Amino acid sequence: MSAFKSFFLKLVSFLAVILAWEYAGRAGISAALPSFTETMSAMLSLTLDGSLGTAFAKTLYPLSIGLLVSIFIGVSLGMAMGLKDSAEWLFSPIFIVAQAAPLAALIPVLTFAYGIGITAKIFTVCIMAMPVIVLNTLGAVRNTPGSLIEMAKSFQGTRMQVIGKVILPSASPLIFVGLRLGCASGFIGIILAELLITPTGIGDIISYSQSVADYDKMYAAIFAIIVSSVLFIELLEKIEQVMFKPEQRN
Amino acid sequence: MTTSISTPIVQVKNVKKVYPGGIEALNDISLDFPEGKLTTLLGPSGCGKTTLLKIIAGLLDPSSGEVLVDGQHITGPGPERAFVFQDFALMPWATVIRNAAFGLELAGVNRTEREAVAEKYLHTVGLKGFENKYPHELSGGMRQRVGLARALAVNAKVLLMDEPFSAVDEQTRRKFQEDMLSLVKNEQKTFIFVTHSIEEAVYVSDRIVLLHRRPSRVSEIIEPKIARNVDPEMIRRQPEYLDAVENIWQSLKKFLD
């Protein structure tokens, strides 16, 4: 399919949703559902008075720390588990349980343990993001074709060379799938934390606007965080393309 | 030269291999591989021929016994041996030239130097102009040529080939077998070749080692006296070729279930 056609179809997909939203808003289904244009004008005024920017800065601080920690610890732990059976047996039960459990239920426990400050919010991001990153990295490492590892060994590759030149590039597509899923969960995590622990940043705009029935602003804040999450995931994909050139593979 | 021909470059001494669970793959194998010859390990599936090749490569440890290369006891892979894999073992994310130069890359040779060597061997195997393609853009036969160039590029004395042509189509396979003959003639290397195809073994080999099935033992060593200095097309019509194929078939037939 041509690049133009795929771009056109993506545009149609967005437009269809926006039009349906606009129609639903204007039809007056609920007072709590503003139209797309009302939401956008609320976003404009939030941007112009600077409150959206300030809120984003507040939200992005624990989010970026949480994501960085999750990516670094998650990928290294997943690699270690993939390379050593003992590490897998030691850690995988925790992450398998964590992936299956409704982790939002742990937020009150985290608040109890770490207070209402930034630590509990960073932790929330981590527990949401890390399990899928760890488990995908583990699976990715285990999926490295045995003959490629044997090949590198037959040419006297050292352990570090085998890991760096064969296992890591071979595992990178699946690792990046984990990173995209994990970071999307991290965005969910930070909003949950801001709604459930203490209202700050974007979560503050959402909960405050809701309490004073200013639904235009509430939707504007929700829309903004969704867009930033999508853009971040796109950025990860671009990084993968530059670093590992997945389009060259089968 | 006369001394090196008489001293076997690879010696397998009383090698046994028992896999976990008690499956005996090799039972007390002793074999010598003369330098500069192509020796084929031939036998039915499950006879342990790939296991033996991987033990010689140092990729598997024998349960007992030892392998000597150039008179030295081996404990793992070494620079005097290079392996050609049945499934090619090419890195899909790397270009043809990087794959072909990968043995040298691991050895720490700088990029210009290793790519010059790899390029030379890519030409030898007939892949001039494909240096910057990726493996998925190549046919199966061409992929195995990259695997072969990679093994040649490290300039090992012994080339270990594990059913290298079994994953390519019949026409390509025949072309490969012809190319093998000129490679053996021109490269002055020792080849240890694993196959389950009797015709292929007789066509390319100086010596054929027939292996029994589990527990695997050497049942016979055959040296087909085939004239190699003729047109490759004519080899398959020589009575010596046809007799050797027939003899091996009669001998292997006994071990079929």
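Each reported figure results from applying straightforward, stated rules to the coordinates on display, with no laboratory input. Only a predicted model underlies this, so the values are computations on that prediction, with no experimental measurement involved. In this analysis, Cβ positions are derived from the backbone assuming ideal geometry, glycine residues included, and neighbour counts consider all displayed protein chains.
What you get for chain A, charging only the Cβ of Lys and Arg (+1) and of Asp and Glu (-1), is a dipole of about 780 debye around the Cα centre. Rounded to the nearest 20, the Cβ-based charge dipole of the stretch B:94-155 about its Cα centre (Lys and Arg +1, Asp and Glu -1) stands at 120 debye.
Run the numbers on chain A and let me know its relative contact order in percent, using alpha-carbon pairs under 8 Å that are six or more apart.
Numbers: 273 pairs, mean separation 61.0, N = 250.
Reported as a whole number, the value is 24 percent.
Using only alpha carbon pairs under 8 Å that are at least six residues apart, calculate the relative contact order of the stretch B:1-136 and give it in whole percent. Kindly include the intermediate steps, with their values, before the conclusion.
Values: 177 pairs, mean separation 27.7, N = 136.
Once divided by the residue count of the stretch B:1-136, the mean separation gives 20 percent.
For the stretch A:107-250, the residue among A:170, A:122, A:133 whose Cα projects farthest onto the positive side of the dipole built from Cβ charges is A:170. Angle check, please: helix B:140-153 long axis (alpha carbons) against the longest principal axis of chain B (alpha carbons), in degrees 0 to 90, nearest 10. Helix B:140-153 sits at roughly 90 degrees to that axis. Under the shape rule built on the C-alpha gyration tensor, where the axes satisfy a ≥ b ≥ c, the stretch B:94-155 is prolate, since a/c reaches at least 1.5 and a/b is greater than b/c.
Per residue, the convex hull spanned by the alpha carbons of the stretch B:1-157 comes to 144 Å³. Restricting to the protein assembly as shown, compute how many DSSP beta bridges are antiparallel as a %, nearest 5. Among the beta bridges of the protein assembly as shown, antiparallel pairing accounts for roughly 50 percent. In a simple Cβ point-charge model (Lys, Arg +1; Asp, Glu -1; nothing else charged), the protein assembly as shown has a dipole of about 420 debye relative to its Cα centre. Any chance you could give the angle, 0 to 90 degrees and rounded to 10, that helix A:201-211 forms with the longest Cα principal axis of chain A? Between helix and principal axis, roughly 40 degrees. Averaging Cα coordinates gives a centre for the stretch B:203-257 and one for the stretch A:41-97; these two points are 63 Å apart.
Rounded to the nearest 500, what is the protein assembly as shown's calculated 222 nm mean residue ellipticity when only DSSP H runs of at least 4 contribute -39500 (n - 2.57) each, over all residues? Display every interim value, and only then the final one.
On the way: 20 runs with 295 residues, N = 507.
Only helices count here, giving -19000 deg cm²/dmol.
Dipole orientation for chain B: of the candidates B:198, B:211, B:112, B:112 has the Cα lying most toward the positive pole (charges on Cβ; Lys, Arg +1; Asp, Glu -1). Computing Rg and the Kirkwood Rh from the Cα coordinates of the protein assembly as shown gives a ratio, Rg/Rh, of 1.15.
With all pairs of different C-alpha atoms in the average, the Kirkwood value for the hydrodynamic radius of chain A is 20.5 Å. Rounded to the nearest Å, what's the spacing between the alpha carbon centres of the stretch B:67-135 and the stretch B:144-196? Just the number, please. Going from one Cα centre to the other spans 13 Å.
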